[in-house]
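The values are calculated or read from the model by the stated rules, or taken from the named source; none is laboratory data. The structure displayed is predicted, hence computed values, not measured ones. Cβ: placed from backbone, ideal geometry, glycine included. Neighbour counts: every protein chain shown. Just the protein is used for accessible areas: all its heavy atoms, side chains included, with ligands, DNA and RNA removed. Shrake-Rupley method; radii C 1.70, N 1.55, O 1.52, S 1.80 Å.
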Amino acid sequence: MGSRTIAVELKGVTFLYGREPILQDIDLTIYEGEYIVVIGPNGGGKSTFLKLLLGLLEPTEGKISLFGRPPREVSHLVGYMPQNVHQNSDMPLRVLDIVLQGRLQRGKYRFTREDERVARESLEMVGVGGLAERKISTLSGGERQRTLLARALATQPRMVVLDEPTAAVDMEGQRQIYRLLHSLQMTRIVVSHDINILLEGVDRILYINRELVVHESIDLDLHPSGHFCEIDLLQELRCKHE
Amino acid sequence: MSEFFTLFAPSLIAALLLSLLIAIAGSLMLLGRYSYIAAAIAHGSYGGVGLALLLGLPILLGTTLFALLLALLLAYITYRSPQRSDLLIGTIWAVGMSLGILFIDLTPGYRSDLLGYLFGNILLLESGDLLFLAVVDLLLIAALLLYRHHFLALAYDRDFAQVRGIRVGRIHTLTILLLALSVVASIRAVGLILVIALLSIPPFIAERLSRNFLEMVFLAALLALLFTGTGLFLSYWFDLPATATIILTAAVGFMLFTIGRR
């Protein structure tokens, strides 16, 4: 892996909330094009980890770089999808307006036809092309989730950071998203509680739980018939395929 | 009827300018959830009224500067610690009003027009007030045309906007400064106690009937004009206080809309 471009690098990263350690002394390297799934219990620090990657939080100690630069300087290269958005449900915005936000950047005040084409294409990619003109308040949870995924893809990023992309999505939609994530060539970092996502071409799994922080697991046997339930990194997951 | 238009011509112009202000500032306030902040600025601005009286400054100038100062303080507080801002906003609200009461008490003489700042009177606006309203309208239109996508991005998902490189702090501060100017510009017409009702009701109804932001602003302007125009006409017809009648007209409109939607 030595010759590959480094997408994400964490060196001795610690994050304290007040005096409470949320993440401690993490060293991690993610290479460009890798597909990483992040698992761990609620409150274990997964969201903090993502926010540190995105430059929304600064580490208390240590250093983070994305493509060799501080996250805030290159966050526009990242397509981010939050788990949910706590917005006013009656907001007068169409699905297309939300996805177009992925085309927004500093110093840009208008959207072009190219922006609209990319936004519509992103909606098609996640299987909700027909919803472009719908008001967001009329969407189901799964449709809203896919809209947020389309917005992340509309940024045409070098890396996507997705927080629970399949939450509230129906089975067929989930399969579509797994296939999509598998087919993307860019670096993918996906937080998920969905065990099925681990079965579709994931390169590595990170288990984050506070001070224990990160285990990297390479070459895990993730086939449903395998024994991944015995692997300590995945001990919290149910052995649904046993 | 022609007597009504002759007598109320300046007030109708004020209503027109005010409606535009309500539509844009109110929509920004509603979508970005700035209602509490705007209310704090409106009430806290009474400190500016008192300070201007105490120092012998023009009241509009004193109130504007004081409101902008409050806006900057509130923008800083709510940006830095959004989770704990409610208490601080409430404190600024009360401190501003208390300063106003204190400054007015320390000012020699008695001002009979002070109630006008609390409850407003759209019938007594002077040309300077109309000019100030027009200037704030122009600023709001310019901000809307230039930054509307940024305002919406922040209102919908602040973290995503920040990841996209939008200067979230600046847009947040700009929004609150625009709200402060809007509040001050409308204080003489509707009063600092009543202004929030008028900033809230037309955009609230418009939000539920619109598919996009510009449609919301346009509809809110029409509704604001409907409420202020109807209120003015009713106040003339039944010899009632104009501002209170306008607010109550808007409140009736709000109730009818809410009942009609059920």
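Taking the conditions exactly as written (closer than 20 Å to residue B:13 by Cβ and open to solvent by 10 Å² or more (accessible area, probe 1.4 Å)), does residue B:221 satisfy them or not?
Criteria met by residue B:221.
Of all the residues that make up region B:150-187, how many are among the small types (Gly, Ala, Ser) and touching a residue at least 24 places away in the same chain (Cβ under 8 Å)?
Matching residues across region B:150-187 total 6.
Return yes when residue A:108 is crowded, with 16+ Cβ neighbours inside 10 Å, free of Cβ contacts under 8 Å to residues at least 24 places away in the same chain and of a type in the set (D, E, K, R) and no when it is not.
No, not satisfied.
I'm trying to understand the selection: among the residues of region B:167-196, which are within 13 Å of another protein chain (Cβ to nearest Cβ) and not in a loop (DSSP other than H, G, I, E, B)?
B:168, B:169, B:170, B:171
Do you know which residues across region B:63-87 are open to solvent by 70 Å² or more (accessible area, probe 1.4 Å), of a type outside the set (Phe, Trp, Tyr) and modelled with pLDDT of 90 or more?
Of everything in region B:63-87, those that are open to solvent by 70 Å² or more (accessible area, probe 1.4 Å), of a type outside the set (Phe, Trp, Tyr) and modelled with pLDDT of 90 or more turn out to be B:65, B:69, B:72, B:73.
Could you check residue A:197 against (1) touching a Leu at 6+ places or on another chain (Cβ under 6 Å); (2) at pLDDT below 85; (3) crowded, with 21+ Cβ neighbours inside 10 Å and say which number it fails?
Only one criterion is unmet by residue A:197, namely (1).
Select the helices (runs of 4 or more DSSP H) contained entirely in region B:98-166, then report the ones holding at least 3 residues which are within 14 Å of chain A (Cβ to nearest Cβ) and open to solvent by less than 30 Å² (accessible area, probe 1.4 Å).
B:127-156, B:158-163
I'm trying to understand the selection: among the residues of region A:101-132, which are within 11 Å of another protein chain (Cβ to nearest Cβ) and under 23 Å from residue A:83 (Cα atoms)?
Result: A:101, A:102, A:103, A:104, A:105.
Using beta carbons and a limit of 9 Å, which pairs, at least six apart or on different chains, have the first residue in region A:72-100 and more than 9 Å from chain B (Cβ to nearest Cβ) and surrounded by fewer than 19 Cβ atoms within 10 Å (Cβ to Cβ) and the second one of a type in the set (Val, Ile, Thr) and part of a helix (DSSP H, G or I)?
A:89/A:136
Take region A:1-26 and flag every residue that is of a type in the set (D, E, K, R), more than 21 Å from residue A:77 (Cβ to Cβ) and outside any strand (DSSP E or B).
Across region A:1-26, the qualifying residue is only A:19.
Please specify each residue of region A:9-32 satisfying the condition of being among the aromatic types (Phe, Trp, Tyr) and either free of Cβ contacts under 8 Å to residues at least 24 places away in the same chain or exposed (fewer than 14 other Cβ atoms within 10 Å of the Cβ) (or both).
A:17
Evaluate region B:240-251: report whether one residue or more is within 14 Å of chain A (Cβ to nearest Cβ), out of contact with any strand residue (DSSP E or B) (no Cβ under 9 Å at 6 or more places or on another chain) and in a helix (DSSP H, G or I).
Looking for residues that are within 14 Å of chain A (Cβ to nearest Cβ), out of contact with any strand residue (DSSP E or B) (no Cβ under 9 Å at 6 or more places or on another chain) and in a helix (DSSP H, G or I), one finds none in region B:240-251, hence no.
For region A:50-76: of the residues being out of contact with any Pro (no Cβ under 8 Å at 6 or more places or on another chain) and of a type in the set (Ser, Thr, Tyr), which is nearest to residue B:157 (Cα to Cα)?
Top of the filtered list is A:75.
Looking at (1) surrounded by fewer than 17 Cβ atoms within 10 Å (Cβ to Cβ); (2) within 21 Å of residue B:17 (Cβ to Cβ), can you tell me which one residue B:189 breaks?
(1)
Which number in (1) more than 11 Å from the chain's Cα centre (by Cα); (2) in a helix (DSSP H, G or I) marks the one condition that residue B:33 misses?
All conditions pass for residue B:33, except number (2).
Which condition from (1) open to solvent by less than 40 Å² (accessible area, probe 1.4 Å); (2) among the β-branched types (Val, Ile, Thr); (3) closer than 22 Å to residue A:181 by Cβ is the one that residue A:6 breaks?
Answer for residue A:6: the failing condition is (1).
Say we look at region B:197-216 and pick out the residues that are part of a helix (DSSP H, G or I), of a type outside the set (Asp, Glu) and facing chain A (nearest Cβ under 7 Å); which of these is farthest from residue A:96 (Cα to Cα)?
By that ranking, first place goes to B:208.
For region A:33-56, which residues satisfy the criterion of being within 14 Å of chain B (Cβ to nearest Cβ) and open to solvent by 50 Å² or more (accessible area, probe 1.4 Å)?
A:47, A:51
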